[in-house]
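Written below as structure tokens is the structure these notes are about.
The values are calculated or read from the model by the stated rules, or taken from the named source; none is laboratory data. The model shown is predicted, which means the values in this text are computed figures rather than measured ones. All Cβ positions, even for glycine, are placed from backbone atoms using ideal geometry, and neighbour counts span all protein chains on display. Please note that ligands, DNA and RNA were not included when accessible areas were found on the heavy atoms of the full protein model with its side chains. Shrake-Rupley method; radii C 1.70, N 1.55, O 1.52, S 1.80 Å.
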Amino acid sequence: MQLVLAIIQPAKLDSVKEALVKLGIQGMTVTGAKGFGRQKGRPLAFLGLLDMEGKPFTVDFLPKVRIEIVVNDDIVDAVVDTIVAAAKTGTVGDGKLFVIPVTRTVRIRTGEENEAALTIEEPATLSDSRKNK
């Protein structure tokens, strides 16, 4: 199992999500993030924001989106290729993607572990959840 962690531009989230759903991915965690790389922030003089010395104010951290998906080893390359294709604009700031080994996964509700915890199950209905109480 592998954790695919992608940091992308917020504007690309919908296209990445749609591409992953077409691939068969049925779950992911998405959080807001801030960061910088080669961009080193950007001057905001066009907004009229100046520092105490009259120089353009610089935003050191730019908004990004962090996507986390744990997948079986056999589809990790397809997931990576799909995210890269959907997130790429060809400009500085497109983001980064990391693949990190996962040694154990547990579905908390059922106790299933590893690949069984990643498999798709039938959607639970409201009446099913009431039966379990």
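Quick look at the values:
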read-out	value
Checking residue 118 against (1) surrounded by 15 or more Cβ atoms within 10 Å (Cβ to Cβ); (2) at pLDDT 90 or above, the condition it does not meet	(2)
From the options 43, 10, residue that is loosely packed, with under 15 Cβ neighbours inside 10 Å and at pLDDT 95 or above	10
Given (1) modelled with pLDDT of 95 or more; (2) out of contact with any strand residue (DSSP E or B) (no Cβ under 9 Å at 6 or more places or on another chain), number of the condition residue 74 does not satisfy	(1)
Within the stretch 20-38, considering residues that are in contact with a strand residue (DSSP E or B) (Cβ under 7 Å, 6 or more places away or on another chain) and β-branched (Val, Ile, Thr), the one farthest from residue 68 (Cα to Cα)	25
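Okay, residues lined up against (1) open to solvent by 50 Å² or more (accessible area, probe 1.4 Å); (2) modelled with pLDDT of 80 or more:
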{"position": "29", "(1), (2)": "yes, yes"}
{"position": "35", "(1), (2)": "no, yes"}
{"position": "47", "(1), (2)": "yes, no"}
{"position": "51", "(1), (2)": "yes, no"}
{"position": "57", "(1), (2)": "yes, no"}
{"position": "61", "(1), (2)": "yes, no"}
